[in-house]
Amino acid sequence: MSDERKISERYRELAREEPPRHLDDAILAASRRETRSRPAPLVVPSGRRRWYFPVAAAAIIVLAVAVTVHVERDEQNFEVAEAPVSAPTPAAPAVQSAPPAPPAAKEQAARKKEGFTPDPAAGSRQAPSQAESAPALSDLYKKPAPPPDETSNRARAKARADAEQAQAREETRAAAPTPARAASDRLASAAAVASPEQWLQGIADLRRQGRHEEADRQLAEFRKRYPDYRIPDAILGTMEKR
Amino acid sequence: MLAYGQGDAGAFETLYRRHRGPLYRFVLRAIKQRSAAEELFQEVWIRVIESRSRYAPQARFTTWLYTIAHNLLVDHWRKKGLSLVSLDAEDVPLDSANPARQVEARESLARLLDILEKLPAAQREAFLMHQEAGLSVAEIAAATGSNEEAAKSRLRYAMAKLKAALDE
């Protein structure tokens, strides 16, 4: 043991050579280059695990590409399904030079902004209902009046038919038209299209003019046409037979 | 080394400063040619740098470092047509032809170095690993890819010859 220590001590007395400066610089520079150029992995792979990371990376890339292609195809299909919906919109330019985008298109644009991919089936389900509603919308632009509901339509058709019948009776009964009869005819034709209040107002006017016979006839006609209509007392007083 | 493996360049510098002298002397006294020794020394550190992402601490860093140096030394000897292991049991005779020089150099440190240079390569390597890097017999065995008995034997032979040279 002491021999070994003695030898070690003698050995330590030898010159303590050091590597030259240029070697130090070259090696340290190489070490710094290595850390800059290639960051070390978080988990050091070894053995069979060495293949896990490249295979996992390749799988992720393939999956990402497949999903991207799939999404693009879906978007194209959705646009094709959407085309019939947007077709009726050119009817609007007849009224407006720059029509606003239809709600479906706006929704689609918003979905695209959010990166949302609509279900193609949902798009095709939505399309027919919009296609049905779109022509009605264009009709609204064409017609001056709002579409009447079903009951008023029926009443108006009946009034028109009754007015025609009354007119026919008048024509057969009177050989030559008088100014009073002409007014009565106008009233009858007006009654065919006017509201009950307007009709009653016309009858009241006839009373004021002293054309009681005509007024009575119109009132009877009114009762026939609107049997359940309750004439206000104030108005009734002006049109009842004197 | 793990810190360097995670990108800490300063960690490598700390390691290098700690091991540069002993490793350089180890290589220089194993090869004896300064230019070849410098080349080999640099190559050892380049291997360390390149292995940073694969480094797994299965042993002391010093043992790992001298394992790399040993492998490069073996390559060096092989290129020179020499074998590190075959010289294991072979005794290179001391310069007995010039006893006067022996006497003159006995007191000098150059004598020790001379004896060291004439040791069989494997014994010299074991001795240098022990003296410069402070490796134990087991670590010398691990670094040189031999068993502990062989490492112990090489170290013992080297010590005995050096002692004999110093005692003369």
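Any read-out appearing in this document is the output of simple, stated calculations on the displayed coordinates, not a laboratory observation. None of the values given here were measured: they were computed from a predicted structure. Note that we place each Cβ from the backbone using ideal geometry, even for glycine, and neighbour counts take in every protein chain shown.
Taking each residue of B:23-35 in turn, how many C-beta atoms of other protein chains fall within 10 Å of its C-beta, and what is the average?
On the way: counts 1, 7, 7, 0, 1, 3, 3, 0, 0, 0, 0, 2, 0.
Other-chain Cβ atoms within 10 Å of each residue's Cβ, averaged: 2.
Could you compute the FRET efficiency for A:R33 and A:R160, with r as their C-beta to C-beta distance and R0 at 60 Å, rounded to 0.05?
Computed FRET efficiency for A:R33 and A:R160 comes out at 0.05.
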Notebook entry, point to check: Hey, which of these cross-link pairs are over 21 Å Cα-Cα: B:K118/B:K163; B:K32/B:K152; B:K80/B:K161; B:K79/B:K161; B:K32/B:K118; B:K79/B:K163?
Noted result: B:K32/B:K152; B:K80/B:K161; B:K79/B:K161; B:K79/B:K163
Next item on the list: Can you tell me the order of A:7-13, A:226-232, A:30-36 when each peptide is scored by its average per-residue count of other Cβ atoms within 10 angstrom, highest first?
Entry: A:30-36, A:7-13, A:226-232
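First select every other residue whose beta carbon is under 12 angstrom from the beta carbon of B:G10; then total the charges, Lys and Arg +1, Asp and Glu -1.
After counting each charged neighbour, the total is 0.
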Item checked: Exercise: per-residue mean of other protein chain Cβ atoms within 10 Å, B:151-163 -> 2
Note to self: Give me the one-decimal nm value for the distance between modelled label points at A:Q167 and A:S195, 7 Å along each residue's Cα-to-Cβ direction.
What the structure shows: 2.3 nm
Margin query: So, R0 is 22 Å and r is the distance between the beta-carbons of B:R78 and B:I46; what FRET efficiency does that work out to, to 0.05?
Written below: 0.70
Check: If you count, for every residue in A:6-17, the Cβ atoms of partner chains within 10 Å of its Cβ, what is the mean?
Finding: 6
Margin query: Can you compute log10 of I(q)/I(0) for region B:1-85 with the Debye formula, treating each Cα as one identical point scatterer, at q = 0.11, 0.12, 0.19, 0.22 Å⁻¹?
Written below: -0.31, -0.36, -0.84, -1.06
